[in-house]
Amino acid sequence: MSEVIVVGSGIAGLIAAIETSRKYAVTLITKAELSESNTRYAQGGIAAALFEDDSVAEHVADTLRAGAGLSSKSVVEVLCSEGPARVRDLIRLGVAFDQHNGELARGLEAAHSRPRVLHAGGDATGFAIESALVHTIRATGNITILEHTFVKDLILHDGRVVGVEILDATGNPRSLSADAVILASGGAGQLYLHTTNPAVATGDGIAIALRAGAELADLEFYQFHPTTLAVPGNFLISEALRGDGAVLLDAEGHRFMKAVHPGAELAPRDVVARSIAEQMAAQNGAPVFLDASALGADFLKERFPTIDAACRTYGFDWASQPVPVTPAAHYWMGGVRTDEWGRTSLPGLFAVGEVACTGVHGANRLASNSLLESLVFAWRCASLLSNDDFSGKAWPVFTDEATVLPLQQEVGSATPVDRKALQTLMWEAVGIYREESVLLRAAKQLCLWKPNGTTASDYETANLLDLSRVMVAAASMRQESRGAHWRNDFPETSPNFHHHQYFRREGSAR
């Protein structure tokens, strides 16, 4: 029987494992416990055109508009047209989305032309999805689960991925073989000092794919969520709150987004995040405020119970007064380059979810499309594998030439990298604003650090160092402002950069 390894236990990994196990023996590897992933913390919901007053075409148009000219229309059409059926599949798997008057409840989020975002448990959508899928996984007999297991690298033979090198739960190195490996290991929010991402989001899948020679794409595009509580840990304040009527205020209590964009608080995320950053700069770094008091205490507690509890934990009575908010790193549009079936440039290697770059999000992700993308393309990947596509004969040959990007080498006097220092550097150099002089200084500093140690945590930090180097290079090369990538020295969008940037490691073959 063929063997498939799935790396990661968010929605993408769990769906890939469940669907692939219908035909193959599956080993599901996760570096923490099974239920710990970015999915678990998703508040807002999952977008899909499920309602009579909505359409796939409108969802496609909203997604393309948010992507600032770089979303792949054909792949967006796959996402939006297959999304409704996949959401219904989630319901069949036990996800209990919230209802209103006997019908699915839905919310409005930024840059959506219609309310189409489903939620569960008010603002605990990710937890509800994760819980239902973990229950299904536990009840599936053809899946071996390896928790607290770190995937260190991919194993290649004759240019094909044939397995993974791991550190098992006791810290011992082992090798596992497979006919196919599906990366579903999530994003890399831990690149940044301020992030909404959990500690496990260290970009391991993207880093091991890079080292193996896989092509990466759109690395310069990182989305910053506009509203997190201005407290240690940057607790996420869902965009759905603004969709229900909460407004942003400056330090003097004045609403400022109406003068910035016609969508005001529901402008695209990059616009809102930059506007908040600019307002904070004008206030000598003081946070802005999110005012949800007009929604009422009962509504806030029922609709947003997770945020309500967090606000009270931090001492904020958000039903009667505004709460301080600030942007934080949230979602990487870039990742391992894939086609619409999850195939990467390396035979035998698939990628789904945030680790992948399908071309759906372009330069700026539309709110609540991330869970949908994970769901749709994990299902498609499993469907392709069900047709025995292990040979590599139908493997995609990407026609756009990838830039050969040498991994920056540290100098002879390099010192061991400190993760906090790395995160601080990335926040300052490749945060909401970028410019050439700062990027050049960052590139030089990154060469003065080297990885150190052989624990899983050490390997995570080494992965973050590799990814920092390629992200800085990508941000330097894109000399324009587009979507989530803003260059102070190139503030206009340029037709010369109306294309994706693809990268592969020096010495790797196509």
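The values are calculated or read from the model by the stated rules, or taken from the named source; none is laboratory data. Nothing here was measured: the structure is a model prediction, and the numbers come from that model. For neighbour counting, all protein chains shown are included, and Cβ atoms are generated from backbone atoms with ideal geometry for every residue, glycine included.
Please determine whether any residue of the stretch 81-88 is within 24 Å of R242 (Cβ to Cβ) and either assigned by TED's automatic domain parsing to the domain that holds G263 or not in a strand (DSSP E or B) (or both).
Yes, that holds for at least one residue.
Taking the criterion of being assigned by TED's automatic domain parsing to the domain that holds E19, surrounded by fewer than 24 Cβ atoms within 10 Å (Cβ to Cβ) and aromatic (F, W, Y), would at least one residue in the stretch 342-360 satisfy it?
No, every residue in the stretch 342-360 fails to be assigned by TED's automatic domain parsing to the domain that holds E19, surrounded by fewer than 24 Cβ atoms within 10 Å (Cβ to Cβ) and aromatic (F, W, Y).
Among the numbered conditions (1) among the aliphatic types (A, V, I, L, M); (2) surrounded by fewer than 19 Cβ atoms within 10 Å (Cβ to Cβ); (3) at pLDDT 95 or above, tell me where A169 comes up short.
Evaluating A169 over (1) among the aliphatic types (A, V, I, L, M); (2) surrounded by fewer than 19 Cβ atoms within 10 Å (Cβ to Cβ); (3) at pLDDT 95 or above leaves (3) as the failure.
Which count do you get for residues in the stretch 399-438 that are surrounded by 11 or more Cβ atoms within 10 Å (Cβ to Cβ) and more than 25 Å from N452 (Cβ to Cβ)?
Looking only at that region, the number is 11.
Exactly one of (1) of a type outside the set (F, W, Y); (2) touching a residue at least 40 places away in the same chain (Cβ under 8 Å); (3) at positive phi is unmet by G296. Its number?
It fails just one condition, (2).
Hey, G45 hits all of (1) touching a strand residue (DSSP E or B) at 6+ places or on another chain (Cβ under 6 Å); (2) surrounded by fewer than 18 Cβ atoms within 10 Å (Cβ to Cβ); (3) farther than 30 Å from T170 by Cβ but one; which does it fall short on?
(2)
Please pick out the residue among S55, S37 that is among the small types (G, A, S), surrounded by fewer than 18 Cβ atoms within 10 Å (Cβ to Cβ) and in the same structural domain as N369 (by TED's automatic domain parsing).
After applying the criteria, what remains is S55.
Run N364 past the list (1) part of a loop (DSSP other than H, G, I, E, B); (2) surrounded by fewer than 18 Cβ atoms within 10 Å (Cβ to Cβ) and report the number of the one that doesn't hold.
(2)
Can we say V404 is outside the structural domain of T30 (by TED's automatic domain parsing), modelled with pLDDT of 95 or more and among the hydrophobic types (A, V, I, L, M, F, W, C)?
Spelling it out, it is not the case that V404 is outside the structural domain of T30 (by TED's automatic domain parsing), modelled with pLDDT of 95 or more and among the hydrophobic types (A, V, I, L, M, F, W, C).
Rundown of residues vs (1) out of contact with any Leu (no Cβ under 6 Å at 6 or more places or on another chain); (2) modelled with pLDDT of 95 or more; (3) in a helix (DSSP H, G or I), yes/no style:
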{"site": "G44", "(1), (2), (3)": "yes, no, no"}
{"site": "A57", "(1), (2), (3)": "yes, yes, yes"}
{"site": "T63", "(1), (2), (3)": "no, yes, yes"}
{"site": "L79", "(1), (2), (3)": "yes, yes, yes"}
{"site": "L90", "(1), (2), (3)": "yes, yes, yes"}
{"site": "H112", "(1), (2), (3)": "yes, no, no"}
{"site": "G126", "(1), (2), (3)": "yes, no, yes"}
{"site": "I145", "(1), (2), (3)": "no, yes, no"}
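From the list G253, G245, G285, exactly one residue is surrounded by fewer than 23 Cβ atoms within 10 Å (Cβ to Cβ), touching a Leu at 6+ places or on another chain (Cβ under 8 Å) and either in contact (Cβ under 8 Å) with a residue 40 or more places away in the chain or not assigned by TED's automatic domain parsing to the domain that holds G362 (or both). Which is it?
That would be G245, the only listed residue that is surrounded by fewer than 23 Cβ atoms within 10 Å (Cβ to Cβ), touching a Leu at 6+ places or on another chain (Cβ under 8 Å) and either in contact (Cβ under 8 Å) with a residue 40 or more places away in the chain or not assigned by TED's automatic domain parsing to the domain that holds G362 (or both).
Restricting the first residue to the stretch 204-216 and requiring it to be farther than 12 Å from C357 by Cβ, which pairs with a second residue that is in a helix (DSSP H, G or I) and of a type in the set (S, T, Y) meet a Cβ separation below 8 Å and a spacing of at least six or different chains?
Listed by first residue and then by second, the contacts come to D204/Y459.
Go through the residues of the stretch 373-388 one by one and say whether even a single one is surrounded by fewer than 24 Cβ atoms within 10 Å (Cβ to Cβ) and assigned to a loop (DSSP other than H, G, I, E, B).
yes
Since H157 meets every condition but one in (1) touching a residue at least 12 places away in the same chain (Cβ under 8 Å); (2) touching a Gly at 6+ places or on another chain (Cβ under 9 Å), which condition does it not meet?
It fails just one condition, (1).
Considering only residues that are surrounded by 24 or more Cβ atoms within 10 Å (Cβ to Cβ) and among the charged types (D, E, K, R), which ones fall in the stretch 172-214?
Listed by number, the list holds a single entry, D204.
Among the residues of the stretch 1-60, what is the count of those that are under 30 Å from L300 (Cβ atoms) and either out of contact with any Gly (no Cβ under 9 Å at 6 or more places or on another chain) or touching a residue at least 60 places away in the same chain (Cβ under 8 Å) (or both)?
23
Assuming A281 fulfils every condition listed in (1) in a helix (DSSP H, G or I); (2) out of contact with any strand residue (DSSP E or B) (no Cβ under 6 Å at 6 or more places or on another chain); (3) under 24 Å from G107 (Cα atoms); (4) of a type in the set (G, A, S) apart from one, which condition is it?
The single condition A281 does not satisfy is (3).
When you check A382 against the structure, is it in contact (Cβ under 8 Å) with a residue 24 or more places away in the chain, over 20 Å from the mean Cα position of the chain (by Cα) and closer than 30 Å to H112 by Cβ, yes or no?
Considered against the rule, which asks whether it is in contact (Cβ under 8 Å) with a residue 24 or more places away in the chain, over 20 Å from the mean Cα position of the chain (by Cα) and closer than 30 Å to H112 by Cβ, A382 comes out as yes.
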